[in-house]
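Here is the structure we will look at.
The values are calculated or read from the model by the stated rules, or taken from the named source; none is laboratory data. Every value quoted in this text rests on a predicted model; they were computed, and no experiment measured them. In this analysis, Cβ positions are derived from the backbone assuming ideal geometry, glycine residues included, and neighbour counts consider all displayed protein chains.
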Amino acid sequence: MLRAILLLAALAATGPVAAVTLTEGVEYERLAAPEPTHDPKKIEVLEVFSYGCIHCFELEPALRAWKARLPPDVDLQYLPATFRPEFQLYARGFYAAEALGQLEATHTRVFDAVWKEGRQIRSLGDLANLYAGLGVDRTRFFEAAQSAENRAAVDAAYDKIRRLKVDGTPALYVAGRYRVLPTLISTQEELLQRVDALIALERAERQRRH
C-alpha cells in the first residue's frame, strides 16, 4: 500500500499543524479511471450530497468553514445524488437554483428548511414553495426545474455518480482521482483533514509530473 505522511499547513490558522497518515485502501482509494473535473487547472474537491441526507446536513457547517479558507488552487464542487427518488427531486431543485444564479444564496438555507424547520418535500410543487420562501421567483423556478437543460443536468449527475460508484452520502472525491474513505473517522474535522492531506498529495504529484 502507498503510505504518505503529510503536514497540513492549511490547518495552522485554526490550530496546531497536524500530521495525517494516508494509507491507500484505508484512508483513501484511487479511482480505477480518473474522472474529469470542473476546472483541470485546480484541484477539485467534489462532494456528492443530497438535501435529503441528514449526514450531509450535519457536515455542511464544517464544510462551509473549510471552504472559506481554501487556497486559490483548490475548487469545491457539489454533485447532487440521484440514487433515490426523493434525492432526484432535490437534484432538480439544485440545478434549477444554479441556472437562476441562486445556488450560493440558497444552498445552506435549503438544508436548514428541511432539517431545522422540518419541511416535507414530496413533489416539485413542494420544492417550488420552499425555494419561493427563500426569495426565488416561483414561476421562474418551475420553468427552470422542468426544462430540458435541467433534465440533462440530472441525467449527467446520474451517470457521473454511477461512474464514481457512489453508494452513500456524503461522499468526497479529490482531483477526480481519489475517493476519501470514511473508515476510522470519529469527527467531521478528521474527515476534512483527510481531504486536506489528499489535496497535498495531489499537489505534490502535479509538481512531479511537471
### Task
Answer yes or no as to whether residue 142 is closer than 17 Å to residue 92 by Cα, surrounded by fewer than 19 Cβ atoms within 10 Å (Cβ to Cβ) and either aromatic (Phe, Trp, Tyr) or modelled with pLDDT under 95 (or both).
yes
### Task
Return the total of residues in the range 124-171 being among the hydroxyl-bearing types (Ser, Thr, Tyr) and farther than 22 Å from residue 55 by Cα.
2
### Query
If we keep just the residues of the range 42-69 that are more than 11 Å from residue 188 (Cα to Cα) and without any contact (Cβ under 8 Å) to a residue 12 or more places away in the chain, which is surrounded by the fewest Cβ atoms within 10 Å (Cβ to Cβ)?
68
### Unique match (being assigned to a helix (DSSP H, G or I) and touching a strand residue (DSSP E or B) at 6+ places or on another chain (Cβ under 6 Å)) among 128, 105, 91, 97
91
### Message
Cβ-Cβ distance below 8 Å, separation of 6 or more or different chains: which pairs start in the range 19-32 with a residue that is in a loop (DSSP other than H, G, I, E, B) and end on one that is surrounded by 12 or more Cβ atoms within 10 Å (Cβ to Cβ) and among the small types (Gly, Ala, Ser)?
### Response
27/197; 31/176
### Message
Based on this model, can you work out whether residue 162 counts as within 19 Å of the chain's Cα centre (by Cα) and free of Cβ contacts under 8 Å to residues at least 60 places away in the same chain?
### Response
yes
### Query
Any idea which of (1) of a type outside the set (Gly, Ala, Ser); (2) closer than 20 Å to residue 37 by Cα; (3) out of contact with any Lys or Arg (no Cβ under 8 Å at 6 or more places or on another chain) is the one residue 111 doesn't satisfy?
(2)
### Summary
Flagged in the range 171-207 as assigned to a loop (DSSP other than H, G, I, E, B) and among the basic types (Lys, Arg), in numbering order, are 177
### Query
For the range 155-170, how many residues are part of a helix (DSSP H, G or I) and buried (at least 19 other Cβ atoms within 10 Å of the Cβ)?
2
### Message
With within 24 Å of residue 37 (Cα to Cα), at pLDDT 95 or above, surrounded by 13 or more Cβ atoms within 10 Å (Cβ to Cβ) and among the charged types (D, E, K, R) as the only criterion, which of 104, 98 stands out?
### Response
98
